[in-house]
Each structure stands twice: as C-alpha cells, then as structure tokens.
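Peer 1: The structure under discussion is supplied below as structure tokens; questions concerning it will follow.
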Amino acid sequence: MIFYFSGTGNSAYAAQRLAKKLGGQTVDISDALREGKTTYVLEPGETVGFVMPVYFFGIPVILHAFLYALQFVTKEQHYTYLVLTCGGKSGAAGDLFDGLMRDNAYALSAYYSVVMPDNYIVWYKAPTETKIRECLRAADQELDKICEDICIRMTGNCDRHRGPLPGIMTKVAYPIYKRGRKTAKFLATEACVGCGLCERLCPCEAIKLENRRPIWVEDQCVFCLSCINRCPQQAIQYGRHTVAHGRYQNPEV
C-alpha cells in the first residue's frame, strides 16, 4: 500500500511507478482525509510506502493531520518507506517525517528522495518541456533503483539529495512555510469560467465558489499550488508573482 500527497502530479507519478513495480494499491491522502478513510487493513508481509513533495526542505502540513488519524489493522511490524519528490534538495525533510512517524507510534524503515521537475512557480518559471522530459527520464531511473532497494528491505537514511547542512537548511526554511501559506494573495482573473476545478482539487477545502468565482475562505492552505498550476484557463494567480511564470503539471498523470 502506498500513500501519497501530490499537488501537481509529481508525487502521484512516483507513487504510481512504485506501485507498478512493487504491486499494491495507491491511496491519495487528500481524498482519504476528505472522505474520512483513515483505517487500513494490512496483509501479512505487505510493505507500506509514503510519497510526498518537499516544501521548504520540509513536508506538507497535511501529513500531520493524516498520520494523527491513520490506523493500521495488523498484527506485525511492516517494512515502511518514504520517497520524497523534490526540485533539487530535500534537506532534512526525511528526518522530519521520521520524527512525525515516531510521534504517532509508527516506525520508518528507510527513506529516499528523487529529483523531479520543480513547480514552485511563486518564485520560479515553470520548466520547459525539454527540461521536464529530461528530468522525468532521470527520475524513472532513480525510482527503479529505489524499488530494488525496497525489494531487499534496505534500511536507514538513503536520501541522496539532502544537500549541504540539511538540518540547518530545514531549520531555517521550514518555519517560513509553516508560518506562511497565506491565501490572501490568491485571486482569479477574468479568464475564470467558473468550472470549479480549483475547489475540487484543494486538499484543505480552502476554496469555495461563489457566483461561479473562487474565493479563498481560509487564511492558510497547504500551499500545494494545484489551484494555480492545474487551472485549465490559467486564471488563478498569486499576486503578481505567477503572471509570467507559466504553469506545470506532470504530463504523465
């Protein structure tokens, strides 16, 4: 069983590739929380995976709520792994998740990271199609190697993309994410056609449609940027930051 959280499709893609290689079902964490499905029966010998993006060298805040609610029906200790998807460096995100698992009485056997196309378009332009294809080819190779490690039950910190001084990187950057995530700058331009996709996609139900226009009803959100990147009309912006930065969605999802 593989649990994943994904805003623009990178982690969903990674989870699907892992499931294809290793077998087992995938569970979208956003859907699970929305539907209240947080109890799962594990088969003997079944592996448990978590796949998620790196935000500010940390993990999406939605994982705190999910792990708090998560319950496994099992009589054994299962091999459990984490795969982080990142645009370059993961910092100490794996350590953060490991600690969160321990706080909720679970044990993490091993954790990894894989570089995928960067999609934080608040700061950067979306990658070109050529760059996306190159990055995904390399990611496939990394994911296949991770599958081999999982099959032999590799243990420990196997994250190859932590970067220099990962603990300091996370200690400095992650609190900015946790305190930030403000929705005040999100807006919908006149290009909006009121399709409601942003409302349906939002993992924390921070968007509601009123008179066929999205409004942000929460002060903070997960900041996955799926509302911006996956809007079919490119109508959603984050202030002036995203106007000329293009959009990204994993082309294989």
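Readers should treat all values here as calculations from the given coordinates under stated rules, not as data from a laboratory. All figures in this text were calculated on a predicted structure; none of them were measured in a lab. Here the Cβ is made from the backbone with ideal geometry for all residues, glycine too, and neighbour counts use every protein chain on show.
Peer 1: In the range 186-238, if every C-alpha pair distance is counted and binned at 10 Å from zero, what percent goes to each bin?
Peer 2: Per 10 Å bin, starting at zero, the Cα-Cα P(r) for the range 186-238 comes out as 29, 63, 8 percent.
Peer 1: So, one more: Give the angle, between 0 and 90 degrees and rounded to the nearest 10, that separates the Cα long axis of helix 93-103 from the longest principal axis of the Cα atoms of the chain.
Peer 2: Compared with the principal axis, the helix lies near 70 degrees.
Peer 1: Can you give the extra length, in nm with one decimal, that the chain gains between LEU165 and GLU35 once fully stretched, where that is 0.36 nm per residue apart less the Cα-Cα distance? Write out the running numbers ahead of the final one.
Peer 2: On the way: separation 130, 0.36 × 130 = 46.80 nm, distance 3.91 nm.
That pair, LEU165 and GLU35, stretches by 42.9 nm at full extension.
Peer 1: Go through LYS89/LYS131; LYS20/LYS145; LYS145/LYS171; LYS89/LYS208 and tell me which ones have a Cα-Cα distance over 25 Å in this structure. Mind dumping the intermediate values first?
Peer 2: Working: LYS89/LYS131 17 Å; LYS20/LYS145 14 Å; LYS145/LYS171 29 Å; LYS89/LYS208 34 Å.
Beyond 25 Å: LYS145/LYS171; LYS89/LYS208.
Peer 1: (1) 135; (2) 163; (3) 122: which one is volume of the Cα convex hull per residue in Å³ as calculated from this entry?
Peer 2: (3)
Peer 1: Also, quick follow-up: Would you look at the GNM of the chain, springs on alpha carbons closer than 10 Å, and say which of ARG133, ARG181, ARG240 moves the most?
Peer 2: Per the Cα network of the chain with a 10 Å cutoff, ARG240 tops the list.
Peer 1: Determine the percent antiparallel among the DSSP beta bridges restricted to the chain, to the nearest 5. Intermediate results must be reported in sequence, preceding the final value.
Peer 2: Details: 9 of 32 bridges.
The antiparallel proportion sits near 30 percent.
Peer 1: Calculate, in nm to one decimal, what ILE176 and ARG212 gain on full extension: separation in residues at 0.36 nm each, minus their alpha carbon distance.
Peer 2: Numbers: separation 36, 0.36 × 36 = 12.96 nm, distance 3.27 nm.
Taking ILE176 through ARG212 to full extension adds about 9.7 nm, to one decimal.
Peer 1: What residues from the range 157-186 fall in the zone where the backbone N is under 14 Å from a label point 7 Å along the Cα-to-C-beta line of ASP149?
Peer 2: 157-163
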